[in-house]
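A short write-up of the structure that comes next.
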2 protein chains.
Amino acid sequence: MDLDDLRRVVDGRWAHVRGIVRREVPAEWCRPAVDTDPALLRAETLKRARALAATGLPRRGFAKAYGGEDDIGGSLTAFEMLGLVDLNLMVKAGVQWGLFGAALQALGTSSHHERYLPSMMTLDLPGCFAMTETGHGSDVQSLRTTATYDPAREEFVVSTTDDEARKDYIGNAAVDGRVAVVFAQLVTGGESQGVHALVVPIRDEAGRPCPGVRIEDCGLKGGLNGVDNGRLWFDGVRVPREALLDRYGQVAADGTYSSPIENRSRRFFTMLGALVRGRVSVGGAAAGAAQVALAIAVEHGESRRQFARPGTDGEVTVLDYLTHQRRLLPALATSYALHFAQGELVSDLHDVQTGGTTDDERQRELESRAAGLKAISTWHATATIQTCREACGGAGYLAVNRLVGLKADSDVFTTFEGDNTVLMQLVARSMLTSYRDHVGDLDTLGTVRFLAEQVKETLLERTSARGLVDRLATAAPGRDEDANLLDREWQRELFAWRESHVVAGLARRLRRVSTSDGAAAFEAVNRVQAHSLRAAHAHVHRLVLEAFVAAIDNCTSDATRALLSRACDLYVLSEVEADRGWFLEHGRLTPAGSKAVGRAVDDLCRELRPHARTLVAGLGVPPAWLGAELAGSAQPSRSST
Amino acid sequence: MDLDDLRRVVDGRWAHVRGIVRREVPAEWCRPAVDTDPALLRAETLKRARALAATGLPRRGFAKAYGGEDDIGGSLTAFEMLGLVDLNLMVKAGVQWGLFGAALQALGTSSHHERYLPSMMTLDLPGCFAMTETGHGSDVQSLRTTATYDPAREEFVVSTTDDEARKDYIGNAAVDGRVAVVFAQLVTGGESQGVHALVVPIRDEAGRPCPGVRIEDCGLKGGLNGVDNGRLWFDGVRVPREALLDRYGQVAADGTYSSPIENRSRRFFTMLGALVRGRVSVGGAAAGAAQVALAIAVEHGESRRQFARPGTDGEVTVLDYLTHQRRLLPALATSYALHFAQGELVSDLHDVQTGGTTDDERQRELESRAAGLKAISTWHATATIQTCREACGGAGYLAVNRLVGLKADSDVFTTFEGDNTVLMQLVARSMLTSYRDHVGDLDTLGTVRFLAEQVKETLLERTSARGLVDRLATAAPGRDEDANLLDREWQRELFAWRESHVVAGLARRLRRVSTSDGAAAFEAVNRVQAHSLRAAHAHVHRLVLEAFVAAIDNCTSDATRALLSRACDLYVLSEVEADRGWFLEHGRLTPAGSKAVGRAVDDLCRELRPHARTLVAGLGVPPAWLGAELAGSAQPSRSST
């Protein structure tokens, strides 16, 4: 096995950044904390964030003009790798550089950049990203905090209108933050212009709350207790006109509002879209945490023995049990799949955001992909880490073996930076928009042709898409008996067919909805919610599979290609198996074919079982980073405060 | 809605004990701990355990002759309810009374009872149940600790033979335990007699380890940090001959071994079987924890509003979203189902264990049912609490809202007191044994007839089993289009058919296995592991459904009956939906029928949605016990040490 080739393909475009992170991060950061006192955990996390700032890694993603490196992809790769290391640090860093810093850069203009970016990058200015309120999380457009312009004093007055409008769960707020980017309804001349962001100081140099600012600690959480989440109330806090991050909306001295984007809704989504990086990091870090959990659980599965092996004096290595393989190996294969999809997302985002030209359609596609991949990756992480904990039994429940910490710290990932269920509905909406823009009133055949074109244009052209599009366009559900389950083209067609079939069905159902009757419209949309989630799921997995195929094409060694190809088969067929009810319902699998899929998953587990450690090694988690006693990394870390 | 009738049916046979627990338990015990220091948590848990002892509740399950009440069912009901209150306390109490105390009572004889039971019941003698070793958990028969009889001094010498043989994860060991019931290979006259239990002092009155005993703290865990789990090593520790709990195996002064049970394997399983109560408590407590989580999440779903409601000025109550209903309501219906099954298990166990006569077959059936229900209930709890956490978003991640504590503390339930995957295989083995005993080489039709008879004899006779058995015996897979999905008889037939079909297939596959070739036999059994798990799953759910049916029959109010009936439909059809791949593969659902099941689940969610709070109220969780800020129970508890 050519591990170098596998590592090269896995490390991808920012392999050099991965190398830096592996070199710079002390292995002790990967060990589970033994301190349970949140104050000590927070102090240690801040200390690590400062050490991280000193490595220069966080600067990578910001503008060269202010000391950054304009390397968005490298920056995202580095953040993603923190998911393997310490999720407290990842989130603390994500708040400072991925949210607070990114908001300054993306929503602000040169005066803000000059004033804030340098000290933000060095962490000399710790900041908050104060968007979420107690009463409104997912529905950002309905935030209630107001920023009312007072032309007499050329100031904004920031107010928490009621307790539901307090800013909540805000990272860096409880202890460290000095300023906050506050999202508020901008009001000028008595008229609301929708949600905008302003820089508001919240603490003075001595760390005391600024006048009019009330701060409360969110207290103990299910994990991430090294991050100081807090609540913020603003009681008529005055900030100068220049506090407005005015890239997408300006207020003149006299209070006149202007914006380069006329349509208010489009303006709002453009502003949100500019913040896509945070979501990308969260998905990547979650996938990284799942990789570490799998590395630990595979190591345990290879060393743990239980029950006599018939016909021998020895006991059975637990990873030899098919049920144990079934728990870990499909998750490992899926981790590869998501890793490649994440790499592609980061790469495309880098190209779009550093390309100079603005391509609205590509930007929209990226936002949708980031939302969908964040949801799928964080759900995968939650389920996989849980499975790994259970697969390690009692040992898995001990903090020294790290799995419970990974579980607790990553748990909120499914609901923060966009609740997954809401994000998947956004993905579905974007699919429908795209569908309507292009398909209009086409029938099913038209839909399938349209999607086949999309597939071809955006993804397949770089690989050899022999005959796929033609076959897709026939729109005839193939009988799986005819298919070789391991035929990649059949697999791709199956995923693409599922996507096109679900989105066409969704469009058909929604076309009948009358929008004149509000209650009826709500009821109709409510009825298709599950259908929407399914559409998004099918869409994301089609993209994930394509990324996996591209990665396989990128191998230079036959052995690597063969191994990844089997892992891809296992990813695909375990996904088909999990969704076989749907495939059977829609005549795309026969009962016999469905059973064959289950047997193929068994066979692939058996075939990949001897390569489990190789697949783990291929993910490139440094052994010293496993941080688990059962994986040979003894000694939990103790904060040195 | 007649809530009294619903409460009566839910509270069941030991309603009076539930009343005592509701009265005796202070509401503050239900609030999430804010202390993170394990030492404080442990002290508080011990204090609560002492307060619990003072209520007299833990005595209920023990013999009247020694101060107990011979009320096994009442005792199990009380432990189950601690799952709603404080899982640290539940586990601490479970270790003391459910494991340590139950082992003394079940495996010891009168001298042990006289000496230990009174102080065990009052908690004046805190004890351990030292079974699990680092190297052997599920495979208890292979434990390596030895107890070698020395006839010269009429003593046993207890030894930890190597580090894999150290006792691990032992509750009460790290701090509080004074004695331990130690499971060890009994050796006398140079011959091993298999695993037996002995009472071994581990700490003196001053709390210092006894000579030859080494104790280590397991340290921080993923939850349950109020329980002092530890490790024990025995370096040639001598205990008198009388230390052997000798109900199932005696050693005479000269070292002669005798036992009322000749067959060593049967003896071993009889000893383990005597300890079934612990497993029953764990399943019940896990189900209780899931009930609390659902009560909190439903309350949140009823009060949280997000996104404008079309055609109105208001926002949508999140429980009005079908996706939200889909997350909570099937889980709530399943909680009812498992609650009724648990009640039946407790009642049957009580009758068998207090009945005087020993019925081997019933005892075996109870052990298998306890194992299966423990697995299904703890998996349900893990999944449900996770779902509830996610359904409450960021608020769900805050410790004050209790869900993360419930998750962390209950997480180990799926792997302790028997790893669920192993337990389900035991269930399958017991199904096969029973199958082979009765069916021998019968063909499929014979199998189905046999199972139909079983169903009839053990469960259906008490209810009106109109025509079910006849229909079953025809062995013809019904076409679901003909069926009314809400027809209870169709539902029961479907569950029974699934069970019979899976077990017959399993028997068929295993019949071909040659036992002469060890490696081949392992491979063959390994290949059917997933099939075994499925058989156990189908078996347990058939029993659960029958328990639900019996509970509905027990209603006196039509409204209660109608509500529970709908909840039962939702339980059944969401289970069918989750397993629809299998039903489709086996021709028992057509594609159209399968889609109809999904629509029926949607419809039932909508139908039950207005009754969500009633269903929660019916479970009888006192509102003051919710212990969550978002459910109106403010103020987390602080340990008073």
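The values are calculated or read from the model by the stated rules, or taken from the named source; none is laboratory data. All values derive from a computational prediction rather than experimental measurement. Virtual Cβ from ideal backbone geometry, glycine too; neighbours counted across all protein chains shown. To get the accessible areas, we keep the full protein, side chains included, count just its heavy atoms, and leave off ligands, DNA and RNA. Shrake-Rupley method; radii C 1.70, N 1.55, O 1.52, S 1.80 Å.
Worth a mention:
- Test: residue in the range B:125-141 that is at pLDDT below 95, within 19 Å of B:SER192 (Cα to Cα) and assigned to a helix (DSSP H, G or I): yes
- Exactly one residue out of A:ASP150, A:ASP176 is of a type in the set (Asp, Glu), more than 24 Å from A:ARG247 (Cβ to Cβ) and not assigned by TED's automatic domain parsing to the domain that holds A:ALA54: that is A:ASP176.
- One residue from A:ASP517, A:ASP553, A:ASP569, A:ASP558 being surrounded by 17 or more Cβ atoms within 10 Å (Cβ to Cβ), at negative phi and either without any contact (Cβ under 8 Å) to a residue 60 or more places away in the chain or not small (Gly, Ala, Ser) (or both): A:ASP569
- Against the list (1) more than 8 Å from every other protein chain (Cβ to nearest Cβ); (2) of a type outside the set (Lys, Arg); (3) buried (at least 23 other Cβ atoms within 10 Å of the Cβ), the condition B:THR414 fails is (1).
- Hey, A:ALA530 assigned to a helix (DSSP H, G or I), away from chain B (no Cβ under 14 Å) and open to solvent by 10 Å² or more (accessible area, probe 1.4 Å) or not: no
- In the range A:292-333, residue farthest from the other protein chains (Cβ to nearest Cβ) [restricted to those that are open to solvent by 10 Å² or more (accessible area, probe 1.4 Å) and closer than 17 Å to A:ALA567 by Cβ]: A:ALA331
- Filter result (without any contact (Cβ under 8 Å) to a residue 12 or more places away in the chain, open to solvent by 30 Å² or more (accessible area, probe 1.4 Å) and within 14 Å of another protein chain (Cβ to nearest Cβ)) within the range B:123-161: B:SER142
- Scanning the range B:368-405 for residues being over 16 Å from B:VAL540 (Cα atoms), assigned to a helix (DSSP H, G or I) and within 10 Å of another protein chain (Cβ to nearest Cβ) gives a total of 17.
- Residue in the range B:417-438 that is farthest from B:LEU224 (Cα to Cα), counting only those that are modelled with pLDDT under 70 and open to solvent by 10 Å² or more (accessible area, probe 1.4 Å): B:HIS438
- Applying the condition of being in contact (Cβ under 8 Å) with a residue 60 or more places away in the chain and touching a Lys or Arg at 6+ places or on another chain (Cβ under 7 Å) to the range A:353-388 and asking which residue is surrounded by the fewest Cβ atoms within 10 Å (Cβ to Cβ) yields A:THR387.
- All of (1) open to solvent by less than 50 Å² (accessible area, probe 1.4 Å); (2) within 14 Å of chain B (Cβ to nearest Cβ) hold for A:TYR336 with one exception: (2).
- The number of residues in the range A:168-205 that are open to solvent by 40 Å² or more (accessible area, probe 1.4 Å) and aliphatic (A, V, I, L, M) comes to 1.
- Qualifying residue in the range A:558-579 (condition: aliphatic (A, V, I, L, M), farther than 22 Å from A:LEU328 by Cα and touching a Ser or Thr at 6+ places or on another chain (Cβ under 9 Å)): no
- Inspection of the range A:69-82 finds a residue satisfying the criterion of being among the β-branched types (Val, Ile, Thr), away from chain B (no Cβ under 14 Å) and assigned to a helix (DSSP H, G or I).
- Looking across A:GLY301, A:GLY283, A:GLY311, one residue alone is small (Gly, Ala, Ser) and touching a Lys or Arg at 6+ places or on another chain (Cβ under 6 Å). It is A:GLY283.
- Residues in the range B:56-67 that are in contact with a helix residue (DSSP H, G or I) (Cβ under 8 Å, 6 or more places away or on another chain) and either assigned by TED's automatic domain parsing to the domain that holds B:ALA180 or open to solvent by less than 10 Å² (accessible area, probe 1.4 Å) (or both): 3 in all.
- Restricted to the range A:479-514, and to residues there that are touching a helix residue (DSSP H, G or I) at 6+ places or on another chain (Cβ under 7 Å) and modelled with pLDDT under 80, the residue that is most open to solvent (accessible area, probe 1.4 Å) is A:GLU481.
- Answer residue from the range A:26-55, given it is open to solvent by 50 Å² or more (accessible area, probe 1.4 Å) and under 25 Å from the mean Cα position of the chain (by Cα) and is farthest from A:ALA395 (Cα to Cα) among those: A:ARG50
- With respect to the conditions (1) more than 10 Å from every other protein chain (Cβ to nearest Cβ); (2) open to solvent by less than 20 Å² (accessible area, probe 1.4 Å); (3) farther than 23 Å from A:HIS541 by Cβ, A:ASP409 lacks only one, and its number is (2).
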